[in-house]
1. For the list (1) in contact with a His (Cβ under 9 Å, 6 or more places away or on another chain); (2) at positive phi, I need the number of the one condition that Leu170 fails.
2. Looking only at segment 215-261, filter to residues that are charged (D, E, K, R) and under 28 Å from Arg195 (Cβ atoms); which one of those is farthest from the chain's Cα centre (by Cα)?
3. In segment 242-283, how many are in contact with a Pro (Cβ under 7 Å, 6 or more places away or on another chain) and under 16 Å from Tyr162 (Cβ atoms)?
4. Is it the case that segment 202-222 has a residue that's outside the structural domain of Gly101 (by TED's automatic domain parsing), of a type in the set (A, V, I, L, M), assigned to a loop (DSSP other than H, G, I, E, B) and buried (at least 20 other Cβ atoms within 10 Å of the Cβ)?
5. For the structure I just gave you, tell me whether Ala248 is surrounded by fewer than 15 Cβ atoms within 10 Å (Cβ to Cβ), in contact (Cβ under 8 Å) with a residue 60 or more places away in the chain, outside the structural domain of Leu99 (by TED's automatic domain parsing) and of a type outside the set (Val, Ile, Thr).
6. Does Ala126 count as in contact with a helix residue (DSSP H, G or I) (Cβ under 7 Å, 6 or more places away or on another chain) and buried (at least 17 other Cβ atoms within 10 Å of the Cβ)?
7. Only residues that are within 16 Å of the chain's Cα centre (by Cα) and assigned to a loop (DSSP other than H, G, I, E, B): list them for segment 167-188, please.
8. Please specify each residue of segment 102-137 satisfying the condition of being in contact with an Asp or Glu (Cβ under 8 Å, 6 or more places away or on another chain) and under 19 Å from Ala61 (Cβ atoms).
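The values are calculated or read from the model by the stated rules, or taken from the named source; none is laboratory data. Because the structure is predicted, anything quoted here is derived from the model rather than measured. A quick note on method: Cβ atoms are made from the backbone with ideal geometry, for glycine too, and the neighbour counts reach across all protein chains shown.
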Amino acid sequence: MSATWTITGALAVPFALPSTSFDFVVDSTTFTATVAAGTYRINLASSSADILRVLQAAMLAAPGLPGDVTIAVAIDGDTGLVGIACSVAITLTDLHSTLLGRILGFAASDPANLTQTAARQPWYLALFCGLHGGAWKPSRSGARERTAGGVTYSFAGTLTSYDRELAADLIPWGPTEATEAECPATPFYPLPQYREALGDTSTARVWGLLDVWTAAQNAGASIGCALTLTWPTARTSTTERYDVGSLAEDLLEPQRQDERWQRYLSTRWSFVLPTSGQTGTRA
């Protein structure tokens, strides 16, 4: 990716994963790792709900793996690609053939190497190079009336939710435009042939924002979506707080940033914080 781009914001959407087992080879020996079924997010989650750290723990816990072998699973802050690093050359035998492998962006079993890097960015994660705007608008159920004498009486609940309207610029039109510009931001559309299959997980392909938004429907009913505008810090910190809530819009409305140049789009969207559990950390 071009060094001129910086990922500044991210939206991680929860997803359900069935129990998954896969093989990997270290020093000519095959080991099997098993990831338990659960609801996870990518990176922006606690250690037990972050699929990257859960995957790392599962590989380290593979039966028979020598205790001096180290494995680290992380997402690159500049490219948004997931990498699996090992102290000994590693081969991911069949991770790419599982749903987990497709989610994380692995497309093949590459030759043994100290680091195995995904071929594309993971699903259920939207990355932005130009996310900004808005302030948290408090909202509380109730009513307020004023008498003729100028006295006000209010009947209000005690719980407060918040809405924030955000703007995103410099969104690549699609995967082709993102590659041409060497831009790590999630494109708006998937490739044209997948516009009628938003959120589908049967094909290993690049997701667009429309896929992520489709997958985020009713996310607030589970563990919620995670939002950060400080991705460079939040990606690795265990104390930096991210917001947890849901999306107000079912789908996004795009606007061309330049009517004469089909490369970048912009859009606006609202994020809603519930009355409890509004933030989280990666601890």
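1. Here Leu170 clears every test but (1).
2. Arg260
3. 1
4. Of all residues in segment 202-222, those outside the structural domain of Gly101 (by TED's automatic domain parsing) come to 202-222.
Pick out the ones that are also of a type in the set (A, V, I, L, M) and you get 204, 206, 209-210, 212, 215-216, 219, 221.
Among the residues that remain, those that are also assigned to a loop (DSSP other than H, G, I, E, B) are: 204, 206, 216.
Those left that are additionally buried (at least 20 other Cβ atoms within 10 Å of the Cβ): 206, 216.
Looking through segment 202-222, at least one residue is outside the structural domain of Gly101 (by TED's automatic domain parsing), of a type in the set (A, V, I, L, M), assigned to a loop (DSSP other than H, G, I, E, B) and buried (at least 20 other Cβ atoms within 10 Å of the Cβ).
5. yes
6. Yes: the conditions hold for Ala126.
7. Those that are within 16 Å of the chain's Cα centre (by Cα) and assigned to a loop (DSSP other than H, G, I, E, B): Pro184, Ala185, Thr186, Pro187, Phe188.
8. Correct list: Gln116 only.
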